[in-house]
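Remarks on the structure that follows.
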Amino acid sequence: MSGAPRLIRVADTAALAEAAAAAILQTAQAAVKAHGRFTIALAGGATPALTYARLAQPPFVTAMPWDRSWIFFGDERMVPADHPESNYRMADERLLAKVPLAPDHVFRMRGEGEDSETAATEYGKALGETCAARRAGVPRLDLVLLGVGVDGHTASLFPGSPAVREIFRPVAAVHAAAAAVPERLTMTLPVINAAARVFVLVSGGEKSKVVKSVLVEKKLVPAGMVSPEDGELWWFVDEAAAALLPR
Ligand code: 6PG
């Protein structure tokens, strides 16, 4: 990775959403200037959701290069797109339905089927076909957004899951027994770590221990294995989640 993680420490969840939205805009504008398009993978969870809602408001909503943006998902639950647990539905309600994105610029992981392995293979193919940039033959997204669970999971890469060790497939089907919706699809670490930038969004006191374990103790939980080989890693942390970090 190009250097240590950049820590953006902010007061609260609203400040985190503001800072993350501003950084997404800057990344998008730089990507379009550099190579004519912006590719981003969205995360699920309540923390990323606040950032999406902020991005759908001025000044970001009018400044974003939506016509040159392609939207992917870092993970999805194996549920229909209109299911309350769907990451797509969460992002659509807060952002995608509110901005001028061409439908063929949004690549939803198809969680509605029965066959998660096929869905994973098909999504990996679509990602490879659409994401022009490559790093060592792996699709290189301009930006991957991630949240972190208290157990150190990120995307749907859970501790002990074989998907954490996946080195070939860009997208894997997982069975996360501990998760509310166990059957999932997830981008794997090769794709995440091929990105030009990765933003990890973490808020709340319940995350303080996992933030310390990753950023201070360097524990190799899945969130601790996110380390772009030729890119930047930014951690956006509110004060509650940063409580155990040195000042
Ligand atoms: C998912 C997410 C997951 C999420 C973290 C953090 O599909 O559940 O991809 O990795 O980002 O669990 O979620 P919160 O921000 O809600 O704590």
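The values are calculated or read from the model by the stated rules, or taken from the named source; none is laboratory data. What you are looking at is a predicted structure, and each value in this text was computed from that prediction instead of being measured. All Cβ positions, even for glycine, are placed from backbone atoms using ideal geometry, and neighbour counts span all protein chains on display. Remember, those area values only see protein heavy atoms, side chains included, never the ligands or the DNA or RNA. Shrake-Rupley method; radii C 1.70, N 1.55, O 1.52, S 1.80 Å.
Structure values in brief
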item: Size of charge dipole - the chain - debye, nearest 20, with Cβ of Lys, Arg +1 and Asp, Glu -1, no other charges; result: 780
item: Karplus-derived HN-Hα couplings along segment 71-78 (A = 6.51, B = -1.76, C = 1.60, θ = phi - 60°), whole Hz, x at Gly and Pro; result: 10, 10, 10, x, 6, 7, 8, 7
item: For segment 145-247, accessible area per residue (1.4 Å probe, heavy atoms of protein chains only), Å²; result: 39
item: The chain: relative contact order as a whole-number percent, Cα under 8 Å and 6+ apart; result: 25
item: Theoretical ellipticity at 222 nm over the chain - DSSP helices of four or more residues, -39500 (n - 2.57) apiece, nearest 500; result: -8500 deg cm²/dmol
item: Vicinal HN-Hα couplings computed from phi for segment 33-47 (Karplus, 6.51 cos²θ - 1.76 cosθ + 1.60; Hz; Gly/Pro x); result: 5, 7, 9, x, 8, 10, 10, 9, 10, 8, 9, x, x, 6, 5
item: Amide H contacts of Gly231 (H built 1.01 Å from N, under 5 Å, at least 5 apart or other chain); result: Ser2
item: Cα-based shape type of segment 38-94, given that a ≥ b ≥ c are square roots of the gyration tensor eigenvalues and the cut on a/c is 1.5; result: prolate
item: In nm, spacing of pseudo-spin labels at Ala136 and Ala34 (7 Å Cα→C-beta vector); result: 1.9
item: Reach of Lys218 by Cα under 26 Å, taken over lysines that are not fewer than 8 positions away in the same chain; result: Lys207, Lys209
item: Furthest towards positive pole of dipole, Pro65, Ser227, Ala81, structure part the chain, Cβ charges; result: Ser227
item: Charge dipole (the chain, unit charges on Cβ, about Cα centre) - positive-most of Ala163, Thr27, Leu95; result: Thr27
item: Carbon/sulfur fraction of accessible area - the chain, other protein chains in place, 1.4 Å, %; result: 56
item: Segment 13-223: projected area of the alpha-carbon convex hull, averaged over directions, in nm²; result: 11.0
